[in-house]
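Participant: What follows is a structure written as structure tokens; I'll ask about it next.
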Amino acid sequence: MCFNYNSIMARILTGIQSSGVPHLGNALGAIEPGIEMSKATGNESFFFIADLHSLTSVKDAAKRRENVHAVAAAWLALGFDSDKNYFYRQSDIPEVTELTWYLSCFTPYPMLANAHSFKDKSDRLSDVNAGLFTYPVLMAADILLYDADKVPVGKDQQQHLEMTRDMAGALNHAYGVEVLKLPESVIREDVKTVPGTDGQKMSKSYGNTIDIFTSAKALKKQVMGILTDSTPLEEPKNPDTCNVFALYRLLADEDRTAQMRQNYLGGNYGYGHAKKALLELILERYGSAREKYQSLMADPDQIEAFLKAGADKARPIAQAVLQRVREKTGF
């Protein structure tokens, strides 16, 4: 289903990967929709940076801290209201690890062995650490610790939400009461697929990203490097098969998109012209965000203050939920 976030009054929780500086695909596909969702009247939005999850693959402490700061700075620069909402770093609330242990004692081995996060690497078991195997339990604790009502997810994450409900249900059943609230998943059908510079889905793993927070010189190099065909400048071009146009129409309004389409079809308009127009549009749309991002990254203490304030606000909720679990389990 396509979910209307404005039609509910609920506590909504979203985890954010701490995988470094967000690119244009992240901004259009996740950050901007998340910020829009958080503005819905009556909703409580909990957004956390999942730095504990990143330890399954990122062992460099300095790199992980840098990644967290980059992600936090991007969300704040793009307009996320950390005063109205809850914005915190996962590891700043240690209650999540204690709840993870309680949940793990109610989680059968076959459930974890069937998780996509494990099965995708099960043919290389030497590369699988215990953290990766129990990843779904920590994810469940992230959600259940805050009595979340709704968790927006992509289709590929639906399994984790089902597992979360199963874990909570098992614990509730063991004690005959609803100790933990069972959350509902919200499948996002309208997630934008943003093409990268080579036409594939934009992804760091493909090396085809456009980094909206990088220097102007580096950004220009990325945009000018977008893959195009060899149609001569003077000939008409097909906008619907062009990577540059695909990106342009994701950022431009209807009038500008229509004009760009006419430029392609009319001939005497080269891909270099289109790339220059795309670059100008990116700088126009994200100019103020780029400045704020650089300001935040130059002052890590300011980012830390935002994250600490968010943790201080969220932690009492986590403590109350964890206390319910402790009492029922006899601790």
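Readers should treat all values here as calculations from the given coordinates under stated rules, not as data from a laboratory. Computed from a predicted model, the values in this text were never measured in an experiment. Virtual Cβ from ideal backbone geometry, glycine too; neighbours counted across all protein chains shown.
Participant: Out of segment 10-118, which trypsin sites (Lys or Arg not before Pro) are coil in DSSP terms and have no more than 14 other C-beta atoms within 10 Å?
Facilitator: Hits after loop and neighbour filter: 59, 84.
Participant: Take the Cα coordinates of segment 210-295, assign each an equal point scatterer, and use the Debye formula without solvent to give log10 I(q)/I(0) at q = 0.20 Å⁻¹.
Facilitator: Debye intensities relative to I(0), on a log10 scale: -0.89.
Participant: So if R0 is 45 Å, what FRET efficiency would residue 273 and residue 298 give, r being the distance between their Cβ atoms, rounded to the nearest 0.05?
Facilitator: After rounding, the FRET efficiency stands at 0.80.
Participant: A further question on this structure: Pick from 182, 251, 171 the residue whose mean-square fluctuation is largest in a GNM of the chain, springs joining Cα atoms under 10 Å.
Facilitator: 251
Participant: Here's a follow-up. Give the relative contact order (percent, whole number) for segment 210-295; include only Cα pairs under 8 Å separated by 6+ residues.
Facilitator: That works out to 37 percent.
Participant: Another question, then. Considering only DSSP states other than H, G, I, E and B, which trypsin sites (Lys or Arg not before Pro) in segment 90-126 qualify as loop sites with at most 16 other Cβ atoms within 10 Å?
Facilitator: 121
Participant: Can you check what the net charge comes to around residue 101, using other residues whose Cβ is under 13 Å from the Cβ of residue 101 (Lys, Arg +1; Asp, Glu -1)?
Facilitator: -1
Participant: Average projected area of the Cα convex hull of the chain, in nm²?
Facilitator: 18.8 nm²
Participant: Give me the extension gain from residue 200 to residue 308: residue separation times 0.36 nm, minus the current Cα-Cα distance, reported in nm with one decimal.
Facilitator: Additional length available on full extension: 35.1 nm.
Participant: Oh, and also: Aspartates and glutamates near residue 150 by alpha-carbon distance under 20 Å, same-chain residues fewer than 8 away left out - which ones?
Facilitator: Residue 150 reaches 32, 36, 44, 81, 142, 162, 166, 178, 184, 189, 190.
Participant: Using Cα positions and a limit of under 20 Å, work out the lysines in reach of residue 328, with same-chain residues fewer than 8 apart set aside.
Facilitator: Correct list for residue 328: 181.
Participant: Which entries in the list 217/275; 59/121; 220/276; 201/275; 84/155; 221/275 go over 20 Å, if you measure between the two C-alpha atoms of each?
Facilitator: Long pairs (Cα-Cα over 20 Å): 84/155.
Participant: I've got another one for you. How much length is gained if the chain between residue 128 and residue 97 is pulled fully straight, taking 0.36 nm per residue apart and subtracting their Cα-Cα distance, in nm to one decimal?
Facilitator: That works out to 9.2 nm of additional length.
Participant: Turning to a different aspect of this structure: Any idea what log10 I(q)/I(0) is at q = 0.16, 0.25 Å⁻¹ for segment 143-190, Debye with uniform C-alpha scatterers and no solvent?
Facilitator: -0.43, -0.87
Participant: Between residue 261 and residue 235, what is the label-to-label distance in nm when each label sits 7 Å out along the Cα-to-Cβ direction?
Facilitator: 2.3 nm
Participant: Next question. Run through the DSSP bridge list for the chain and note the antiparallel percent, rounded to the nearest 5.
Facilitator: Counting only bridges with both partners in the chain, antiparallel ones make up about 5 percent.
Participant: List the relative contact order of the chain as a percent without decimals, with contacts defined as Cα pairs under 8 Å and 6+ residues apart.
Facilitator: The normalised contact order for the chain reaches 22 percent.
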